[in-house]
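One structure is given here, and the rest of the page talks about it.
The values are calculated or read from the model by the stated rules, or taken from the named source; none is laboratory data. Keep in mind that what you see is a predicted model, and the values were worked out from it rather than measured. Here the Cβ is made from the backbone with ideal geometry for all residues, glycine too, and neighbour counts use every protein chain on show. Areas reflect the complete protein model, heavy atoms only, side chains present, ligands, DNA and RNA absent. Shrake-Rupley method; radii C 1.70, N 1.55, O 1.52, S 1.80 Å.
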Amino acid sequence: RSLDEENYTYINANYHTWYWPETRTAGLRVLDYCKSRGVPVWTAERVYNFLKMKDEASFSNLIWKNNQLSFTLNSTLKHNNGLTIMIPSIFKNKKIKEIVRDGKNQSFTIKTVKGHNYAFVTVEPVHSHQFSVQYSIQ
């Protein structure tokens, strides 16, 4: 359901080494299914570190002025996959024209989540980043 109905989640599957002979067939089927659907498989430690990084990150200095959204993304914890944020691609009938991060144009990808379009931006955690998102009439 999380893949097809956009009910996003993560699943924790424990395959203990002492039970592996009894659960091997089922465990390998789960891994094959994940691979066929493009679902990442992480260790418990990696999930824990990701959740710590995500929960620690914060936004501050949010300002909307002259069709521009400005904010600071604060982050101090490192994670190998980076930190991805979602910015509404349309706001007040205006569409994102450009995103500037730390004074440089930032590439982004538009994705639909639960019927709404967002610009996905991935940055390196462990830094604070200044964002400026310029919107223009569609």
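Per the Cα gyration tensor, region 1-99 maps to an equivalent ellipsoid with semi-axes of 38, 18, 9 Å, ordered largest to smallest. Can you tell me the orientation of helix 44-56 relative to the chain, as the angle in degrees between its alpha-carbon axis and the longest Cα principal axis, to the nearest 10? Helix 44-56 sits roughly 20 degrees off the main axis of the chain.
Judged by the ratio a/c of the largest to the smallest principal axis of the C-alpha gyration tensor, region 26-68 counts as oblate, that ratio being 1.5 or greater while a/b is no larger than b/c. Taking a sphere under 11 Å around the Cβ of I137 and counting the other residues whose Cβ falls inside, with K and R at +1 and D and E at -1, yields a net charge of +4. Computed on protein heavy atoms with a 1.4 Å probe, the accessible areas place R24, R37 in the order R24, R37, largest first. Label-to-label distance for K114 and T72 is 2.9 nm, based on points extended 7 Å past Cα in the beta-carbon direction. Ligands, DNA and RNA are left out, and with a 1.4 angstrom probe the accessible area of region 1-114 is 78 Å² per residue. When nucleic acids and ligands are ignored and a 1.4 Å probe is applied, E56 ends up with an accessible area of around 60 Å². Charge dipole (Cα centre; +1 on Lys/Arg Cβ, -1 on Asp/Glu Cβ; no other charges) of the chain amounts to roughly 420 debye. Residues T17, T109, ordered by accessible area of protein heavy atoms at a 1.4 angstrom probe radius and largest first, appear as T17, T109. Here the relative contact order of region 56-138, from alpha carbon pairs under 8 Å that lie six or more residues apart, stands at 40 percent. Largest to smallest in accessible area, the residues F59, F50 fall in the order F59, F50 (1.4 Å probe, all protein chains included).
Our helix-only sum for the chain, with -39,500 (n - 2.57) per DSSP H run of n ≥ 4 divided by its residues, gives a mean residue ellipticity at 222 nm of -7500 deg cm²/dmol. Counting heavy atoms of the protein chains alone, F131 has an accessible area of about 10 Å² for a 1.4 Å probe. Does anyone have the angle between helix 20-37 and the longest principal axis of the chain? Alpha-carbon axes, 0 to 90°, nearest 10? With rounding to tens, the tilt is 30 degrees. Computed with a 1.4 Å probe on the full set of protein chains, the accessible area for D32 sits at about 100 Å². If R0 is 30 Å, the Cβ-Cβ spacing of K52 and M86 corresponds to a FRET efficiency of close to 0.95.
Net charge of the neighbourhood of P125, taken over other residues with C-beta under 11 Å away and scored Lys/Arg +1, Asp/Glu -1, is +1. With 18 Å as the limit on Cα-Cα distance, the pairs of K52/K111; K54/K95; K65/K92; K54/K114; K65/K94; K52/K78 that go past it are K52/K111; K54/K95; K54/K114.
The alpha carbon gyration tensor of region 80-129 gives principal lengths a ≥ b ≥ c with a/c of 1.5 or higher and a/b no greater than b/c, which makes the shape oblate. At 1.4 Å probe size, with the rest of the protein present, what percent of the exposed accessible area of the chain is carbon and sulfur atoms? C and S fraction of accessible area: 52 percent.
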